[in-house]
Structure formats: structure tokens, C-alpha cells
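Here is the structure we will look at.
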Amino acid sequence: MQSMTGYGRCVAAEDGREMTVEVKSVNHRFLDISCRLPRSIGFLDEMVRRGVSERLSRGHVDVFVNYVNHRQDARTVQVDAQLACSYKKALKELGKALGQDSDLSLCEYAKLPDVLSVVEGEENQEVVSGLFKRALCGALNDLCSMRRREGENLRRDVLAKTAAIDEIRAKIKLRAPHVIQEYRDRLAQRLSALMEGEIDDARFITEVAIFADRAAIDEELVRLESHIAQIRSAVELEESVGRKLDFLVQELNREVNTIGSKASDAEIAQCVVEAKGEIEKLREQVQNIE
């Protein structure tokens, strides 16, 4: 089980080229990839998205790439001779108009805008792609390692919170049969007081049956136990289980709410409050799981 939060970084260098890749991920309902590439290697964008999607299934992922080429052929200087001639002609005309000498030195011409320009050399896409693949793989390895470590912490915490919910479920199950009996006793006392000791058995049985049907929570307890078992099983799977756990936690909450609305008992009501607190803690943790 993996967390959706992590960070990885890797630097790959070869033959004067250096590629640095940083990958960060945080919680997200789906896989959302954001990539920042230098313009000179923009052709790698598709490789980034394919590489990340092969390793991750959920989370907002930011990929930062820095590329430096120290090779001699990485940049060249180009001369715009026609522009320099245009400058010279224009300066002569300006000199005549102002009555001043317009001759400039070679260095002064070189300083004029756009006479000299630095041009990035065309990259060898095959070589750059191979270098990038190594850097991305290393960064993703670091990221996944961190996500697994955090995922193990989450797994232990999810199991602990699930155990707490299961203990509350067991208390409710133990208490539930007494609710009907206590209602039967209270009702018998009331009817006896109202009818001076003579109780209409048919009416009494009917009232108890109606209450028992309305307050019955056996089905909810069975489903609650099933959901707890599924959570314990899911956290041991070698796959993405975040969405499944999120659904199961919603089902836990639904069953506990139903129990709270059906069981007219103070002890069970207190258990329901405790269970909802634990379920909310569990829900917050599950949001971090891939």
C-alpha cells in the first residue's frame, strides 16, 4: 500500500550533458500530472506522462526537469552581416546629418543589437531521451520508495482505527439484545400501572414486536462486520486500494448512522458517537492512500 505523498530526485550525466529530474506528489482523486520542461527539450513531455502513469495510479504529480548541455557544440554564435551593414549605412547618414564622424570599431559594431546572436544547437533527441529516461526512473524510484514507507505507516494506522471501530461494534452487538428486554420490562410496568395489574397480552405482545422490529440492528451489525473485514483484507493487497477503502469507509459511516437512528438506547447512542469519531479519523487517513 502506498501513500499519495512523496518526493524523489535524480541526476543523470553523460558526455557533457546533465539532466536533473524532481518529482513531487500529493493527494488527488485521480492521476493528475503537471510537467515543467525547458523549451529545448519539450519533446520529452509525452515521455514524462507515460513514465509517470506506468508507475503511479493516483495523486497530483509535479515533475520538474532541468537540463544543462556543457558540450562545445551546444551553442554557436551567428553573425547578421546584412544587419551590420544596415547599421553602418544608417550611421553614415546620421553622421552627415549631424556633421560628425560615424566610423565605429569592429567591437562597437558587434555590440549593436542582434548583430551577434547565440543560437542553441540542435539536440540529439535519442541521446537526450535516454539520459532523461534514466533520471526520471531514478526520481520515480525515490518517490515510490518514500510513498511505500509512508504507506506502511498508513496501513498500521488504518488497522488500528479499524480495530477500534470493531471493538465498538462488539459492544453494540453485546448490548443490542438487552434493549428489547428492557423495553419489555418498562412497558409491562407502565401497562400494569395503567390497568391496575391486568395486562392485555395481545396488545403487550404487539407493542413489543413493533418496537423490536423498529429497533432491530442485526443486519447493520452484520454489514458493519463485513466492511471491517474487507478493510483489513484490502490494506494487505499489492495494488491501489485508496478508492476501495474510501467507499468502505462511507459504508461504515452509513451503517453506524442507521444503528444510531434505530436503537433507542443511551449506551448504544454513546457507542455510535465514539464510532463516528473513529470513522472520521479513518476517512482522513484513507484520503492519503493511493
Is any residue of the stretch 104-134 close enough, with backbone N under 13 Å, to a label point placed 7 angstrom from the Cα of residue 70 along the Cα-Cβ axis, and if so, which? none
What does the net charge come to around residue 280 if you take all other residues with beta carbon closer than 14 Å to its beta carbon, with K and R at +1 and D and E at -1? 0
Just subtract the alpha-carbon distance of residue 40 and residue 250 from 0.36 nm times their residue separation and send over the number in nm, one decimal. 70.8 nm
Just subtract the alpha-carbon distance of residue 110 and residue 133 from 0.36 nm times their residue separation and send over the number in nm, one decimal. 4.2 nm
What is the gain in length, in nm to one decimal, between residue 261 and residue 233 on full extension, counting 0.36 nm per residue of separation less the C-alpha to C-alpha distance? 7.2 nm
Quick query: amide H of residue 60 versus all other amide H atoms, modeled in the peptide plane; which residues come in under 5 Å with a sequence gap of 5 or more or a different chain? 26, 27, 28, 32
From the cross-link list 24/276; 24/281; 24/161, the entries with a Cα-Cα span beyond 30 Å are 24/276
On average, how much accessible surface per residue is there in the stretch 83-172, in Å², for a 1.4 Å probe, leaving out ligands, DNA and RNA? 63 Å²
So what are the ³J(HN,Hα) numbers for the stretch 41-54, from phi and the Karplus equation (6.51, -1.76, 1.60; θ = phi - 60°), rounded to whole Hz, Gly and Pro as x? 10, x, 5, 8, 4, 5, 5, 4, 5, 5, x, 5, 5, 6
Considering just Cα atoms, how many Å³ per residue does the convex hull of the stretch 1-150 enclose? 146 Å³
Okay, which of the stretch 115-145 sit inside 19 Å, backbone N to the point 7 Å along the Cα-Cβ direction of residue 77? 115-122
Computed about the Cα centre, the charge dipole of the stretch 113-179 from +1 Lys/Arg and -1 Asp/Glu charges at the Cβ has a magnitude in debye, to the nearest 20, of 1240 debye
Rounded to the nearest 0.05, what FRET efficiency do residue 118 and residue 7 give with R0 = 25 Å and r taken as the Cβ-Cβ distance? Could you check? 0.10
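The values are calculated or read from the model by the stated rules, or taken from the named source; none is laboratory data. Quantities reported herein were computed from a predicted structural model and do not represent experimental measurements. Please note: Cβ atoms are built from the backbone with ideal geometry, for glycine as well, and neighbour counts cover all protein chains shown. Heads up: the accessible areas ignore ligands, DNA and RNA and are worked out on the full protein's heavy atoms, side chains in. Shrake-Rupley method; radii C 1.70, N 1.55, O 1.52, S 1.80 Å.
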